[in-house]
């Protein structure tokens, strides 16, 4: 009897304490000192444990692999997407023993014909290169046509799935999840409760970034205003290579009141950063940690974070899986749970408090409590 | 019109040689061996699907360059072929996917739709030019930008588009609309509709050289006022030339769409129109010359892959294409002057004296003849 009472007291105390802890968290989360800042939604509960605990590095021997990389426009050195894929291969060279001279890299020209893409893949495959990684969804049709003729060659494609070709491994990402956190960052950092998005080309892929950003910002601050601009319509891929357009679009968003700008516009992002710098607002980079990128060094003080799309992780994991001759364990989608997307904190603009919030949202996404849609609602 | 071998063949040969020299220099400066590079470019023609790719690419370029050339014949600069072929391609694919017809007829209807769509889109600048005097250069450039937007709109999933992986397409064409090619085994497949360019080429030659319409077209190009005085309806000529130009441009994308892709995706290559302008210049609006230019262009496109394969910067090909167009213009001028000098000497010998006046008149006629050819 006595034991039961004691237990009850203990439980009640614990509950009260837990309640207190929760309560004391709320006011600071909903803190709205300045009138124009966002009224933030309650913070998510802190993440229990690091969900992306460092995996013990797996060992495999890749010295026999002849790796082929078919880049999209830009190739190695584009400080973005292609470079990220190249970094994954470089890591494989360093850690899996893939021989440097066994890595063959070819890259696409602007506006090339479909037959050029097919030929590039076929060239690699008939040279005995295996595995072959095609960087970019533009290779989807080429792989669909070529892969069946080389049934013993392993192919992978970044950002696309190729139906009907069993030897093509898709390496796709949950960009909307990474962008969700970017939206949260934007909402916390905005002083006017008004944020903007600049998309390079209005393709379904870039709309995933927009969708996640929108949902993240709304989740953190339900009243927030989110403006968007796309540089070019689908089909015109110059939107990824036009800093001047990026600049003009960013200026437009700033004059509309946005004071945090997130871009998913490839090389046009540089224009977004310069506009942000001129106007004295913040910007968020994309794909790789842009704060540390040489090409945008001049503007880096406006970059508060970057949405990381770890093409390098996916490429490395793929090569590791090929070296181990087991592709079955490769994730279907590279999302938060496998470290396929993330955010950067270089530059010191993301403080510990905000990081705790971000980790909280991240934990909810990983656990499935928050489902991030990859289609824009508006 | 007598075909002067020296004035027709020499300039392009000179131009290609000069462009090769220029690129050789660029290659040397970038630290590559020009002989290895050129060797690789030539050697790859015999490998894999290269030869077939060149023929297929050439056929596509030929159609679009013919479209440009028809305008050029009457000094109309239809820069809008770029927009016309994209609008035509996407419209034709949407219609083709929506209807069911027996094989053969289906492809024929798709071709007709493409012709009509291309011509209709070219009708806008034609009417603006004929009735409002709007420069076709400006209006077609702007319509190119509008075409991009229209195509992007039509490809939206809630309009006519279909989302496939991370790409937007017009949806797959049914089997009955496919046009079989000429299979050459491992060497690839020549597009069946590649024959269209042969038909169009012959038609173009007949139209220009054997019909009254062609004569009036060229006459309007030489001198609009003189043609009008001779009873040619200038407005009718402008509209007709633009419509034919747009119609041929509309066919451009069909060989690869009906022969291989069976769907129009947002990745469909852009820029055929601009290559077409360069090729028409290179071929001097001549049916045979354009064929040469189109194949050369396709060969250069293709060799970019071979260069990349041996680690030579493939951008060298773009330099080469630019250099060829530039030097072909210069080369024609040089050859024209050489002929002029030769003519002067000949006339001088005939008259027994070097009379400047007589020599001046003679070459003027020669150059006019050369230009129209």
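Just the residues that are surrounded by fewer than 23 Cβ atoms within 10 Å (Cβ to Cβ) and at pLDDT below 95, please, taken from the range B:241-261.
The answer is B:259, B:260, B:261.
In the range A:229-238, what count of residues is obtained for those that are out of contact with any helix residue (DSSP H, G or I) (no Cβ under 6 Å at 6 or more places or on another chain) and free of Cβ contacts under 8 Å to residues at least 40 places away in the same chain?
Just the residues of the range A:229-238 that are out of contact with any helix residue (DSSP H, G or I) (no Cβ under 6 Å at 6 or more places or on another chain), to begin with: A:230, A:237-238.
Applying the additional criterion that residues be free of Cβ contacts under 8 Å to residues at least 40 places away in the same chain yields A:230, A:238.
Going through the range A:229-238 one residue at a time, the tally reaches 2.
Could you check, for the range B:186-197, whether at least one of its residues is over 25 Å from the mean Cα position of the chain (by Cα), assigned to a strand (DSSP E or B) and within 14 Å of another protein chain (Cβ to nearest Cβ)? Even if it seems obvious, please write down each step before you answer.
Filtering the range B:186-197 down to residues over 25 Å from the mean Cα position of the chain (by Cα) leaves B:186-187.
Still in the list and also assigned to a strand (DSSP E or B): none.
No, there is no match, as no residue in the range B:186-197 is over 25 Å from the mean Cα position of the chain (by Cα), assigned to a strand (DSSP E or B) and within 14 Å of another protein chain (Cβ to nearest Cβ).
For the range A:242-269, what are the residues that are without any contact (Cβ under 8 Å) to a residue 60 or more places away in the chain, in a helix (DSSP H, G or I) and surrounded by fewer than 24 Cβ atoms within 10 Å (Cβ to Cβ)?
A:243, A:244, A:245, A:247, A:248, A:251, A:252, A:254, A:255
Limited to the range A:121-154, what total is found for residues that are without any contact (Cβ under 8 Å) to a residue 24 or more places away in the chain and under 24 Å from the mean Cα position of the chain (by Cα)?
Residues in the range A:121-154 being without any contact (Cβ under 8 Å) to a residue 24 or more places away in the chain and under 24 Å from the mean Cα position of the chain (by Cα): 1 in total.
Within the range A:94-102, is there a residue that is modelled with pLDDT of 80 or more, buried (at least 22 other Cβ atoms within 10 Å of the Cβ) and within 13 Å of chain B (Cβ to nearest Cβ)?
The answer is no; no qualifying residue exists.
Which condition breaks for residue A:211 when tested against (1) within 14 Å of chain B (Cβ to nearest Cβ); (2) over 20 Å from residue A:307 (Cβ atoms)?
Of everything listed in (1) within 14 Å of chain B (Cβ to nearest Cβ); (2) over 20 Å from residue A:307 (Cβ atoms), residue A:211 misses just condition (2).
Can you name the residue in the range B:316-325 that is without any contact (Cβ under 8 Å) to a residue 40 or more places away in the chain and surrounded by fewer than 19 Cβ atoms within 10 Å (Cβ to Cβ) and, of all such residues, is farthest from the other protein chains (Cβ to nearest Cβ)?
Going through the qualifying residues, I end up with B:322.
Hey, could you check the range B:266-298 for residues that are within 10 Å of chain A (Cβ to nearest Cβ) and crowded, with 22+ Cβ neighbours inside 10 Å and say which is farthest from residue B:26 (Cα to Cα)? Lay out the reasoning, then the answer.
From the range B:266-298, those within 10 Å of chain A (Cβ to nearest Cβ) are B:266-272, B:274-275, B:298; that's our starting set.
Among the residues that remain, those that are also crowded, with 22+ Cβ neighbours inside 10 Å are: B:266-268, B:272, B:275, B:298.
On the way: B:266: 34, B:267: 31, B:268: 31, B:272: 26, B:275: 22, B:298: 21 Å.
Looking at the filtered set, the residue picked out is B:266.
Looking only at residues in the range B:299-315 that are at the interface with chain A (Cβ under 9 Å from one of its Cβ atoms) and part of a helix (DSSP H, G or I), which one is surrounded by the fewest Cβ atoms within 10 Å (Cβ to Cβ)?
Only one residue fits best here, namely B:315.
The values are calculated or read from the model by the stated rules, or taken from the named source; none is laboratory data. Source: prediction; values computed, not measured. Ideal geometry is used to build each Cβ from the backbone, glycine not excepted, and the neighbour counts take in all protein chains shown.
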